[in-house]
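The values are calculated or read from the model by the stated rules, or taken from the named source; none is laboratory data. The model shown is predicted, which means the values in this text are computed figures rather than measured ones. Here Cβ is always computed from backbone atoms with ideal geometry, including for glycine, and neighbour counts include all displayed protein chains. Note: areas computed on protein heavy atoms with side chains; ligands, DNA, RNA excluded. Shrake-Rupley method; radii C 1.70, N 1.55, O 1.52, S 1.80 Å.
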Amino acid sequence: LVVPNIKAVQSKSILQIADELHLLATMARENRLTPEQLSGGTVTLSNVGAIGGTYTSPILMPGEACIGAIGAIETVPRYQADGSLAPVRVMRISWSADHRLLAGATVARFSNRLKALLQDPSRMLLSLR
């Protein structure tokens, strides 16, 4: 797994992140990533769904605090409040964290916040800088 990272992502706009992500992906395909681009990550998101994966056990790179593996979106049956069965789209994320740095409850709260933002993207847009 090659894990380049975007530095100071918290201070960048979505467009700046998209541009940098595109550049890093191009450099990775061309085998031109530098050691600086591969080190210093804190939180990693890996898209195993792009290759059909749903669950995995992501492994932390040295120095990382947390890694999440995003699975493919699947349509699955779910019971509704009235007891009826309906198709819903589900995306799973598998998390691993260094518990010397992050408590499991912190990762769970982060995961729940990410879920809420992904389910309602307009809320995410409202919190952009």
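Computed extension gain for residue 82 through residue 16, at 0.36 nm per residue and net of the alpha carbon distance, reaches 19.3 nm.
Mean projection of the Cα convex hull over all viewing directions, computed for the chain: 9.7 nm². Would you mind checking the tilt of helix 14-29 against the longest principal axis of the Cα atoms of the chain, expressed as 0 to 90 degrees and rounded to 10? Compared with the principal axis, the helix lies near 70 degrees.
For the chain, the longest principal axis of the alpha carbon atoms and the long axis of helix 104-119 meet at an angle near 70°.
Protein-only accessible surface at a 1.4 angstrom probe places the residues 101, 128 in the order 101, 128, largest first. Rolling a 1.4 Å probe across the protein heavy atoms gives the range 1-109 an accessible surface of 68 Å² per residue. The dipole here belongs to the range 1-87: it is taken about the Cα centre, uses +1 on the Cβ of Lys and Arg and -1 on the Cβ of Asp and Glu, and is about 80 debye.
Once backbone amide H atoms are built at 1.01 Å from N, residue 56 has 94 as its partners under 5 Å, excluding neighbours fewer than 5 places away on the same chain. Note that the range 39-49 has calculated 3J(HN,Hα) couplings of 10, x, x, 10, 10, 10, 10, 10, 9, 6, x Hz, one per residue in order, obtained from phi through the Karplus relation 6.51 cos²θ - 1.76 cosθ + 1.60 (θ = phi - 60°); glycine and proline are x. With both residues required to sit in the chain, DSSP beta bridges show an antiparallel share near 70%. A simple count of charges around residue 54, restricted to other residues whose Cβ falls under 10 Å of its Cβ and scoring Lys, Arg +1 and Asp, Glu -1, yields 0.
Once neighbouring chains are kept in place and the probe is 1.4 Å, which whole percent of the accessible area of the range 6-129 is contributed by carbon and sulfur? In the range 6-129, the share of accessible area belonging to carbon and sulfur is 59 percent. Normalised by the number of residues in the chain, the average gap of Cα pairs under 8 Å and 6 or more apart makes the relative contact order 19 percent.
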